Amino acid sequence: MSIEILLQQIDTPVRIELRRSSRAKHISLNADIYGIRVVAPIHQSVESIKQFVNSKRQWISKVYDYYSRLKKKIGESEIQKDTILFFGKRYRIKFTKDKQQQYAIVSDNLNQITFHVKDKRSYKRYLRSWYREQTKKILDKRLPVMSSKLSLSYRKISVRNLKSRWGSCSKTGNLSFSLLLSMLPVDVIDYIIVHELMHLVEFNHSKRFWQLVEEAKPQYDEHRKWLRTHSLLVKID
């Protein structure tokens, strides 16, 4: 169950979503680009929750302003709940229970991806597995072509649940990439591949490194800007 609290104490009224949780031991606030939420124990009184929210007006005002600016920069059409990114395109997401097998159907006509899953409660785990598979496919297709074009050789690749980077290159020539790479536009994926391949030549971010990246991918700076702008949207909620 959830209700909404309208906070009037700051210049712009802010809608705070209230979520009850049996696991919550105390009241807490969290926020992302989709909104601000207060999470409270099941039996916490609404009045005490309002008092807590009111005591955090300064924090709420700060994060509200931050995400408001970010929304204007990204564009409202890019910020939609119950959607996911797949190769840079936004799709509605639907989960259907299927006791037999797990698979996904991507429909460009319906602009929707339907996931058949055995247990809807484990949808995040299935989504990660699906993205890992799609990322592996695009890397198997793009990486050999690009490394050959650049005359660079790597040892092996891995697709991992990286938390703070899109890829990495070890000193032994092993490449790792985020499983969420398949959320990104193909041009941006190519930039990340080039970035990691160039670390086989320059194991740093020196001026020469960026010169090599630019030679291979002249529009690399646009792709970096895309990543900076959209990084908060490239995740599994």
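With respect to the conditions (1) touching a residue at least 12 places away in the same chain (Cβ under 8 Å); (2) open to solvent by 30 Å² or more (accessible area, probe 1.4 Å); (3) touching a Phe, Trp or Tyr at 6+ places or on another chain (Cβ under 8 Å), GLU214 lacks only one, and its number is (1). A residue that is at pLDDT 85 or above and open to solvent by less than 60 Å² (accessible area, probe 1.4 Å) cannot be found anywhere in region 65-82. Remark: pairs (first residue in region 145-160, open to solvent by less than 80 Å² (accessible area, probe 1.4 Å); second residue in a loop (DSSP other than H, G, I, E, B); Cβ separation under 6 Å; 6+ apart in sequence or on different chains) = LEU152/LEU200; TYR154/GLY173. In summary, ILE84 fulfils each of the numbered conditions (1) in contact (Cβ under 8 Å) with a residue 24 or more places away in the chain; (2) farther than 30 Å from VAL186 by Cα; (3) of a type in the set (Val, Ile, Thr) with the single exception of condition (2). For TYR131, the criteria (1) touching a residue at least 40 places away in the same chain (Cβ under 8 Å); (2) within 21 Å of LYS217 (Cβ to Cβ); (3) of a type in the set (Ser, Thr, Tyr) hold in every case but one, which is (2). Pairs meeting the criteria (first residue in region 32-58 and farther than 28 Å from LEU70 by Cα, second residue open to solvent by 80 Å² or more (accessible area, probe 1.4 Å), beta carbons under 7 Å, at least 6 apart or on different chains) are PRO41/LYS25; ILE42/SER22.
Residues that are exposed (fewer than 11 other Cβ atoms within 10 Å of the Cβ) and among the β-branched types (Val, Ile, Thr) within region 37-64 comprise just one, ILE42. The set of residues in region 145-166 being at pLDDT 95 or above, of a type in the set (Gly, Ala, Ser) and either within 23 Å of ILE236 (Cβ to Cβ) or in a strand (DSSP E or B) (or both) consists of SER158 alone.
Apart from one condition, THR135 fits all of (1) of a type outside the set (A, V, I, L, M, F, W, C); (2) touching a Ser or Thr at 6+ places or on another chain (Cβ under 9 Å); (3) at pLDDT 95 or above; (4) farther than 18 Å from ARG90 by Cβ; the exception is (4). When region 120-137 is limited to residues that are in contact with a Leu (Cβ under 7 Å, 6 or more places away or on another chain) and either of a type in the set (A, V, I, L, M, F, W, C) or open to solvent by less than 30 Å² (accessible area, probe 1.4 Å) (or both), the one that is nearest to GLY173 (Cα to Cα) turns out to be THR135.
The values are calculated or read from the model by the stated rules, or taken from the named source; none is laboratory data. Predicted, not measured: the structure shown is a model, and the values here were computed from it. Neighbour counts are summed over all protein chains in view; Cβ atoms, including those assigned to glycine, are modelled from backbone coordinates with ideal geometry. Just so you know, the surface numbers come from the protein's heavy atoms only, side chains and all, with ligands and any DNA or RNA stripped out. Shrake-Rupley method; radii C 1.70, N 1.55, O 1.52, S 1.80 Å.
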